1. Would you say GLY480 is in a loop (DSSP other than H, G, I, E, B) and small (Gly, Ala, Ser)?
2. Against the condition modelled with pLDDT under 95 and either farther than 21 Å from ASN213 by Cβ or among the basic types (Lys, Arg) (or both), how does PRO372 come out, does it pass?
3. Collect the residues in the range 265-285 that are out of contact with any strand residue (DSSP E or B) (no Cβ under 6 Å at 6 or more places or on another chain), part of a loop (DSSP other than H, G, I, E, B) and buried (at least 18 other Cβ atoms within 10 Å of the Cβ), keeping them in residue-number order.
4. So which residues in the range 61-113 are surrounded by fewer than 16 Cβ atoms within 10 Å (Cβ to Cβ) and either of a type in the set (D, E, K, R) or outside the structural domain of ILE449 (by TED's automatic domain parsing) (or both), if there are any at all?
5. Based on what the data block shows, is ILE170 at pLDDT 95 or above, assigned to a strand (DSSP E or B) and assigned by TED's automatic domain parsing to the domain that holds LEU107?
6. May I ask you to list the residues in the range 309-325 that are in a loop (DSSP other than H, G, I, E, B) and aliphatic (A, V, I, L, M)?
7. If a residue must be among the small types (Gly, Ala, Ser) and surrounded by 16 or more Cβ atoms within 10 Å (Cβ to Cβ), how many such residues does the range 353-371 contain?
Amino acid sequence: MTYHDDILKTRQTVAAHNGTWDSIDPEAVARMRAQNRFRTGLDIARYTAKIMRADMAAYDANPANYTQSLGCWHGFIGQQKMIAVKKHFGTTKGRYLYLSGWMIAALRSEFGPLPDQSMHEKTSVPKLIEELYTFLRQADARELGMMFRDLDAARAAGDQVKEKQLLNAIDTYETHVVPIIADIDAGFGNAEATYLLAKKMIEAGACALQIENQVSDEKQCGHQDGKVTVPHEDFLAKIRACRYAFMELGVEDGIIVARTDSLGAGLTKQIAFSKEPGDLGDQYNSFLDCEEIDDIAQANGDVIINRDGKLLRPKRLPSNLYQFRPGTGEDRCVLDCITSLQNGADMLWIETEKPHIAQIAGMVDRIRAVIPNAKLVYNNSPSFNWTLNFRQQVYDAWAAEGKDMAIYDRNRLMSVDYDMTALAAEADERIRTFQRDSSARAGIFHHLITLPTYHTAALSTDNLAREYFGDAGMLGYVLGVQRQEIRQGIACVKHQNMSGSDIGDDHKEYFAGEAALKAGGVHNTMNQFAA
């Protein structure tokens with residue numbers, strides 16, 4: 001329905017009440033409806049799931065159509081990212097938000113800062129999804145409100161061309177509401193707990209859930225040691241739980257991202273159940289690090305498995321965990337990925353220890369030999385030292401080509417002494433093109449950075465504190481923050497407007513007419529930024 005049609009329809013509704021609703025302005029109603037397009041989180045989940053599905057199809061047609069996102073820990077951060085995307089690129093197409101469990105644990109838990117070990121309140125996850133979409137919807141309301149003000153000004157000036165332009169812009173308005181890939185960790189419990197939390201997350205607006213194959217009560221950050229995986233059937237039960245949640249709530253094209261931590265996980269808490277040789281449980285157990293025993297009496301209460309007619313005792317640690325054979329991580333990753341896609345997952349996440357295209361592509365080639373359209377979500381993690389990793393990759397490549405590397409010390413490549421060298425320039429170029437190159441070569445549909453604003457907040461605050469509390473004083477804020485906001489056209493320089501003050505003024509006028517006491521008058525200091 002167009003803006004004009006909504007006004008006409010509302011006018012008919014008002015007229016049907018025999019004069020008792022005549023104080024209601026139909027155009028004001030149409031404006032409020034346009035500013036509140038999404039009524040529920042499920043409306044958002046259904047809308048954004050279609051966006052992701054269309055983007056996945058576009059990527060299958062051409063890997064240059066990969067997508068990107070940045071992690072968020074607060075609604076305002078997500079809002080500002082999407083405002084910035086629309087400002088710089090004119091569209092939000094292909095740009096999402098990522099909700100990081102790590103950042104919730106570190107920044108949103110009532111227990112205070114926590115490591116990424118699923119110790120934070122699981123209810124904080126759907127609450128953050130709802131918060132993110134509240135701020136994105138407010139960004140719509142704010143931007144449309146400014147367009148409505150411009151429309152009123154064009155009408156007052158008799159500028160019909162401008163009026164038509166604005167009406168078309170209102171009818172074709174692109175929302176700030178974009179897909180959120182939401183981290184459900186390892187499900188915060190058993191499959192039933194996973195299902196219940198998934199429902200809450202979907203009801204809050206999530207169209208994509210990312211779940212990992214670690215043990216819930218032993219869960220670790222993907223880039224830390226001590227990770228413990230679960231047998232495939234346990235993980236597949238949680239994937240099914242997420243799918244049931246999507247389908248129960250009518251989001252039938254919801255997306256499940258199955259994450260494997262097997263590359264860096266050398267431990268399992270349990271031996272998989274197996275009915276017959278070669279089944280999924282047997283394949284999982286085949287990776288266990290075992291020692292052969294001659295006599296069952298040697299077991300001394302241990303678990304014994306039969307492999308090819310031999311009695312084997314899986315090596316068990318004092319923690320009561322079993323360990324996998326060293327060097328089996330990639331094989332376990334490939335098996336994880338294939339079985340997840342064959343059992344309801346839509347995309348994969350392979351957590352790696354470094355950003356290396358050849359390593360990722362090697363695993364993806366094996367997966368795609370079975371499932372040709374397999375697609376990855378990849379964590380461009382701040383846990384990687386990108387500078388060092390890529391300088392080492394360039395060093396190794398050049399050394400293999402026979403170049404003279406005498407001026408470089410591979411053990412010191414992070415040193416500032418190398419910042420202006422040809423090797424550093426080549427490494428930076430490879431970092432710049434990493435997403436493009438890996439999307440084409442390694443099947444990566446979506447690139448994200450999990451913790452970007454955790455680091456940008458720390459960096460910018462450090463800079464401001466150094467200047468403001470130092471000799472610069474107030475100039476530290478003005479020069480480094482406010483003047484940059486003005487010069488770069490950052491909307492938040494008018495923080496009253498960004499917080500919704502003008503939207504509130506519009507509503508006051510709708511509700512009270514000439515009696516409205518509005519905040520945006522001549523004495524509002526935000527007018528100082530009009531220039």
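The values are calculated or read from the model by the stated rules, or taken from the named source; none is laboratory data. Because the structure is a prediction, the values reported are computed rather than measured. Methodologically, a virtual Cβ is constructed for each residue, glycine included, from the backbone with ideal geometry; neighbour enumeration extends over all protein chains shown.
1. no
2. no
3. ALA272, SER274
4. Selection gives LYS87, LYS93, GLU110.
5. When the stated conditions are applied, ILE170 does not pass them.
6. Listed by number, the residues that qualify are LEU317, LEU321.
7. Number of matching residues: 1.
Results for (1) more than 28 Å from the chain's Cα centre (by Cα); (2) under 26 Å from LEU70 (Cβ atoms), shown as yes or no for each residue.
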site: LEU321; (1), (2): yes, no
site: LEU335; (1), (2): no, no
site: GLY362; (1), (2): no, no
site: ARG366; (1), (2): no, no
site: TRP386; (1), (2): no, yes
site: VAL394; (1), (2): yes, no
site: ASP404; (1), (2): yes, no
site: ASP409; (1), (2): yes, no
site: TYR418; (1), (2): yes, no
